Amino acid sequence: SFPTRRSSDLQSGSTAVLDRMRRLYTREQYLERIAWIKNARRAIAITTDIIVGFPGETESDFAETLSLLDRVEYDSVFSFKYSPRPNTPALGMEAQVPEEEKSRRLTIVQEKQRAIQLRRNAGAIGTIEEVLVEGYNQSTGQWIGRTAQNRVLNFTHPGNGHSLEGEYRNVRVTRAGPNSLAGEAV
């Protein structure tokens, strides 16, 4: 189906933290799964959730998460600070991470991921992508679509004014930002 996207529920790059979260996999097992996805016959977008500041997360655990971001190079990451939830085992765990530290770590994760996305998106400049058109933005005069890897691609299309919504178009990528691409229909 179109678009192709895979969410890979990571939450932490540290096996010790994954264990405290009661995840049933290690960092190494997770990376094995990522390798399978990356070796697929077609390009698949990989996304994940990251939680920083889980109880007991050390600076070393956090560094493992950062190194995993570099290694996997996710297409996007949904990142959050750990927040206590009633009636969960984590609520009573020792070594709660201070709020200021969770905020610092979240900022670092988001800045690192932004740089990764910008670099990966810049690699698409000059390529021609098949786009599923979702709509039209009156204020920019651009059509909005998504590539097969679920990247937003805003593009211009000279035409007779009929709606392209729901159609597929080939678009040459001319610019890239951290969260979207821009281009021209070909």
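The values are calculated or read from the model by the stated rules, or taken from the named source; none is laboratory data. Keep in mind that this is a model prediction, so the values were computed, not measured. All Cβ positions, glycine included, derive from the backbone under ideal geometry; neighbour counts span all protein chains shown. Calculation scope for accessible area: heavy atoms of the full protein, side chains included, ligands and nucleic acids excluded. Shrake-Rupley method; radii C 1.70, N 1.55, O 1.52, S 1.80 Å.
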> Can you name the condition, by its number, that residue 96 falls short on among (1) polar (S, T, N, Q); (2) in contact (Cβ under 8 Å) with a residue 24 or more places away in the chain; (3) closer than 25 Å to residue 178 by Cβ?
Replying inline: (3)
>> Can you find a residue that is touching a residue at least 24 places away in the same chain (Cβ under 8 Å), open to solvent by less than 50 Å² (accessible area, probe 1.4 Å) and assigned to a strand (DSSP E or B) anywhere in the stretch 2-22?
In response: yes
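Could you check, for the stretch 157-166, whether at least one of its residues is in contact with a Ser or Thr (Cβ under 9 Å, 6 or more places away or on another chain) and in a loop (DSSP other than H, G, I, E, B)?
Within the stretch 157-166, the subset in contact with a Ser or Thr (Cβ under 9 Å, 6 or more places away or on another chain) is none.
Scanning the stretch 157-166 turns up no residue that is in contact with a Ser or Thr (Cβ under 9 Å, 6 or more places away or on another chain) and in a loop (DSSP other than H, G, I, E, B).
Which one is least open to solvent (accessible area, probe 1.4 Å), of the residues in the stretch 47-63 that are among the hydrophobic types (A, V, I, L, M, F, W, C) and in a helix (DSSP H, G or I)? If you could, list the steps in order and put the result at the bottom.
Initial filter on the stretch 47-63 (among the hydrophobic types (A, V, I, L, M, F, W, C)): 50-52, 54, 62-63.
Imposing the further condition that a residue be in a helix (DSSP H, G or I) reduces the set to 62-63.
On the way: 62: 3, 63: 52 Å².
Once the filter is applied, the top-ranked residue is 62.
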>> With hydroxyl-bearing (Ser, Thr, Tyr) and either in a helix (DSSP H, G or I) or surrounded by fewer than 17 Cβ atoms within 10 Å (Cβ to Cβ) (or both) as the only criterion, which of 79, 83 stands out?
In response: 83
> So is residue 145 among the small types (Gly, Ala, Ser), modelled with pLDDT of 95 or more and either open to solvent by 80 Å² or more (accessible area, probe 1.4 Å) or closer than 28 Å to residue 182 by Cα (or both) or not?
Replying inline: yes
> Among the residues of the stretch 68-89, which ones are closer than 18 Å to residue 19 by Cα and either in contact (Cβ under 8 Å) with a residue 40 or more places away in the chain or under 16 Å from the mean Cα position of the chain (by Cα) (or both)?
Replying inline: 68, 89
> Of all residues in the stretch 100-124, how many are open to solvent by less than 80 Å² (accessible area, probe 1.4 Å), under 20 Å from residue 148 (Cβ atoms), part of a helix (DSSP H, G or I) and free of Cβ contacts under 8 Å to residues at least 60 places away in the same chain?
Replying inline: 3
